[in-house]
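No value in this document is a laboratory result; all are computed from the given coordinates. What you see is a predicted model; the values in this text were computed from it and never measured. Note that each Cβ is placed from the backbone with ideal geometry, even for glycine, and that neighbours are counted across all protein chains shown.
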Amino acid sequence: MTPTAEPSPAPTGCPNTEHGACLGPLLAGTYSTTEFRTPLTYSVPDGWSNQEDLPGSFMLVPPGDTSDFIGVYDGVAAASADCDESAQPGIEATPEAMAEWYAGLPGLELSEPQPVTIGGLIGLVFNAALAEGYTGACPGADDVPAVPLLIGAGPASIHHVAVAGTATRAFLLGGPAGQTIAIVVSDAPDGVPLEELDTVVHTFEFDLPAS
């Protein structure tokens, strides 16, 4: 599917040269990625910011002093439960297999995965949060409780974990090249409500090859 919306006027530009072709602060409107491997068109209200546009990762940040973000990662797998920044052995990098793995992870509370379609890609969506009272931590992480969720499998290069106090909504989508694309909506304490962040995700349109 090829997005038809006209991009909005060019914003000020990427504040960090290591973050690819990101656009920086945005006016309300519709925009398209430049470097992200599976091209993406998205719409935001005024005050949002595009902080990353690389082949494997794209990031949007809502207005205000917040740690909330929407991250899109092209090519992911389930992260090893041992926190060694590798994929979990024996878990296929598909939305179904990954969601099933997360459902059995100690320390992780997971909502029932639901079918979802975002921008032409089909997959699963669920909420994940650290279980109350869980104390497990990754080595060298200052004993901060966490459960590993996602690892980059190329071109994405990430290691995403669930931590206390932050709600995560994860969309795991089947990508056009057979990989899994993850959309991570991260809602920190006192940040933008999760449902408001989710509204932006539902504007996404991926530019997919003609079938």
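Structure data summary
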read-out: Volume per residue of the C-alpha convex hull in the stretch 29-148, rounded to whole Å³; value: 144 Å³
read-out: Charge tally in the Cβ shell below 13 Å around PRO55, where Lys, Arg are +1 and Asp, Glu are -1, PRO55 excluded; value: -3
read-out: Fraction of the pair-distance distribution of the stretch 96-211 above 25 Å, Cα-Cα pairs, percent; value: 24 percent
read-out: Whole-number Å³ per residue for the convex hull built on Cα positions in the chain; value: 121 Å³
read-out: The chain - mean residue ellipticity at 222 nm from DSSP helices (-39,500 (n - 2.57) per run, n ≥ 4, rounded to 500); value: -2000 deg cm²/dmol
read-out: Sorted by Cβ neighbour density within 10 Å, fewest at the top, the residues MET98, MET59; value: MET59, MET98
read-out: Charged-residue dipole, Cβ positions (Lys, Arg, Asp, Glu), the stretch 30-151 about Cα centre, Debye nearest 20; value: 340 debye
read-out: Kirkwood hydrodynamic radius over Cα pairs of the stretch 82-148, then Stokes diffusion coefficient at 4 °C and 1.567 mPa s, in µm²/s; value: 96 µm²/s
